[in-house]
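A quick write-up on the structure given underneath.
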Amino acid sequence: MNEKDNLQRFLFEKAPVRGEIVRLHDSYQQILEQHAYPPLIRQLLGEALAVVTLLSALIKGNGRLTLQFRGTGKLKLLLAQCDHLFHIRGIVQHEGELSSSELLEAQQQGVLAIMVDSETPNASKYQGIVAWQGETLTQAIEGYFMQSEQLPTRLWLAVNETHAAGLLLQVLPQEKPELFSQQWEHLTLLTDTLKPNELLQVDNPTLLHRLYSEEDVRLFEGAAVTFRCTCSIKRCENAILILGHVEAEQELENKQVITVTCEFCNKEYPFDRVDVAAIFKNNGHPPTSTKLH
């Protein structure tokens with residue numbers, strides 16, 4: 001396994017608390033290579049990718065978890081996704097190179113959503129939406145869990161030019177969680193001593209020993225995390241169907257070829273006049289969405 005791109009779970013044997021550590025390198029770099037993001041946007045995207053990977057591991061069954069921010073300021077969209085196989089991708093839409101204060105102002109002009117799309121037949125979708133809280137993505141996510149009255153959850157994130165990493169602690173479901181509040185407080189205080197460089201550079205067994213030297217911690221086998229986009233020819237054909245036959249013909253008159261570009265990976269899908277004719281011939285009823293994802 002590539003130790004630079006993995007998710008590893010751990011459990012406290014004498015406390016109802018679980019944890020996860022994620023480290024991203026190759027996958028993070030592959031995503032950054034798709035767009036020329038300024039430094040603060042790169043950092044924010046790295047944090048979002050770490051968060052969505054950590055949270056996806058908490059979901060039972062097969063599916064995909066999406067972390068999405070939509071704003072009316074200079075930060076228009078932040079989107080990070082991870083499925084049950086820990087395939088990740090992400091994108092940011094923004095106006096110009098934002099300063100720290102401009103980025104914070106933009107974040108406070110939008111809403112944060114966490115959505116779960118299950119592949120289980122007849123399973124309902126989950127969507128939770130809250131206003132951005134605090135000054136960092138960490139505070140916003142922790143605020144989300146607090147406001148939605150879910151299990152107590154804490155996050156620690158670290159990002160540099162090449163790596164993104166995160167650590168999560170969460171209380172396990174209990175009949176009387178108030179009985180374990182002291183243990184939770186003790187473990188979070190220990191974790192608050194974690195330094196960003198440690199999270200980025202120290203291997204997981206060593207890191208857990210440093211943080212919880214007097215605790216009984218069980219570390220599970222890790223899982224690989226990879227960048228993978230879900231765009232496809234079929235989804236691009238759907239986009240052309242939604243465009244409509246008349247507009248598609250107009251595009252062909254101007255350019256001879258319609259090129260559909262995936263927003264996530266920048267892969268281009270060209271369709272010439274023969275391709276477009278076949279699309280409309282083989283599909284009597286257009287789909288309901290133009291999303292490539």
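The values are calculated or read from the model by the stated rules, or taken from the named source; none is laboratory data. Small disclaimer: the values here were computed from a predicted structure and weren't measured. Heads up, the Cβs are rebuilt from the backbone with ideal geometry, glycines too, and the neighbour counts pull from every protein chain shown.
Need a quick list: strands (runs of 3 or more DSSP E) entirely within the stretch 52-106 having at least 3 residues that are closer than 20 Å to residue 36 by Cβ and assigned by TED's automatic domain parsing to the domain that holds residue 141. I'd like the intermediate steps shown before the answer.
Working: elements: 63-71, 75-83, 87-94.
In the stretch 52-106, the matching strands (runs of 3 or more DSSP E) lie at 75-83, 87-94.
Just need a number here: residues in the stretch 55-71 that are touching a helix residue (DSSP H, G or I) at 6+ places or on another chain (Cβ under 6 Å) and among the hydrophobic types (A, V, I, L, M, F, W, C). Break it down stepwise before answering.
In the first step, residues of the stretch 55-71 are kept if they are touching a helix residue (DSSP H, G or I) at 6+ places or on another chain (Cβ under 6 Å); the result is 65, 67, 71.
Those left that are additionally among the hydrophobic types (A, V, I, L, M, F, W, C): 65, 67.
The number of residues fulfilling the criteria is 2.
Here are the criteria: (1) among the hydrophobic types (A, V, I, L, M, F, W, C); (2) in the same structural domain as residue 35 (by TED's automatic domain parsing); (3) closer than 27 Å to residue 35 by Cα. Tell me which single one residue 260 does not satisfy.
Evaluating residue 260 over (1) among the hydrophobic types (A, V, I, L, M, F, W, C); (2) in the same structural domain as residue 35 (by TED's automatic domain parsing); (3) closer than 27 Å to residue 35 by Cα leaves (2) as the failure.
Identify, from the list 75, 79, 55, the residue that is touching a His at 6+ places or on another chain (Cβ under 6 Å) and surrounded by 21 or more Cβ atoms within 10 Å (Cβ to Cβ).
Numbers: 79 fails: touching a His at 6+ places or on another chain (Cβ under 6 Å); 55 fails: touching a His at 6+ places or on another chain (Cβ under 6 Å).
Within the list 75, 79, 55, the selection yields 75.
Starting from the stretch 189-206, take each residue that is under 17 Å from residue 161 (Cβ atoms) and list its partners that are assigned to a helix (DSSP H, G or I) and modelled with pLDDT of 95 or more, counting only C-beta distances under 9 angstrom and pairs at least six apart or across chains.
199/207
Residue pairs, Cβ under 8 Å, 6 or more apart or interchain, first in the stretch 66-88 and in contact (Cβ under 8 Å) with a residue 60 or more places away in the chain, second aromatic (Phe, Trp, Tyr) and assigned to a strand (DSSP E or B). List them.
Here the result reads 87/227; 88/227, each pair linking the stretch 66-88 to a residue that is aromatic (Phe, Trp, Tyr) and assigned to a strand (DSSP E or B).
Within the stretch 28-38, restricting attention to residues that are in contact (Cβ under 8 Å) with a residue 24 or more places away in the chain and farther than 13 Å from residue 166 by Cβ, which residue is surrounded by the fewest Cβ atoms within 10 Å (Cβ to Cβ)?
38
For the stretch 94-114, name all the residues that are closer than 26 Å to residue 26 by Cβ and within 15 Å of the chain's Cα centre (by Cα).
Result: 114, single match.
Among the residues of the stretch 179-207, how many are aliphatic (A, V, I, L, M), assigned to a helix (DSSP H, G or I) and either at pLDDT 95 or above or under 26 Å from the mean Cα position of the chain (by Cα) (or both)? Reasoning before the result, please.
Applying the first criterion (aliphatic (A, V, I, L, M)) to the stretch 179-207 yields 179, 187, 189-190, 194, 199-200, 202, 207.
Still in the running and assigned to a helix (DSSP H, G or I): 179, 187, 189-190, 199-200, 207.
Keeping just the survivors that are either at pLDDT 95 or above or under 26 Å from the mean Cα position of the chain (by Cα) (or both) gives 187, 189-190, 199-200, 207.
Going through the stretch 179-207 one residue at a time, the tally reaches 6.
Pick from the stretch 58-72 the residues that are touching an Asp or Glu at 6+ places or on another chain (Cβ under 6 Å) and at negative phi: which of them is surrounded by the fewest Cβ atoms within 10 Å (Cβ to Cβ)? Before the answer, list the steps.
From the stretch 58-72, those touching an Asp or Glu at 6+ places or on another chain (Cβ under 6 Å) are 62-64; that's our starting set.
Still in the running and at negative phi: 62, 64.
Values: 62: 13, 64: 20.
Among those residues, the one meeting the criterion is 62.
Pick from the stretch 11-40 the residues that are of a type in the set (D, E, K, R) and part of a strand (DSSP E or B): which of them is farthest from residue 54 (Cα to Cα)? Full working, then the answer.
Within the stretch 11-40, the subset of a type in the set (D, E, K, R) is 13-14, 18, 20, 23, 26, 33.
Narrowing further to those that are part of a strand (DSSP E or B): 18, 20, 23.
Numbers: 18: 12, 20: 7, 23: 10 Å.
The residue in question is 18.
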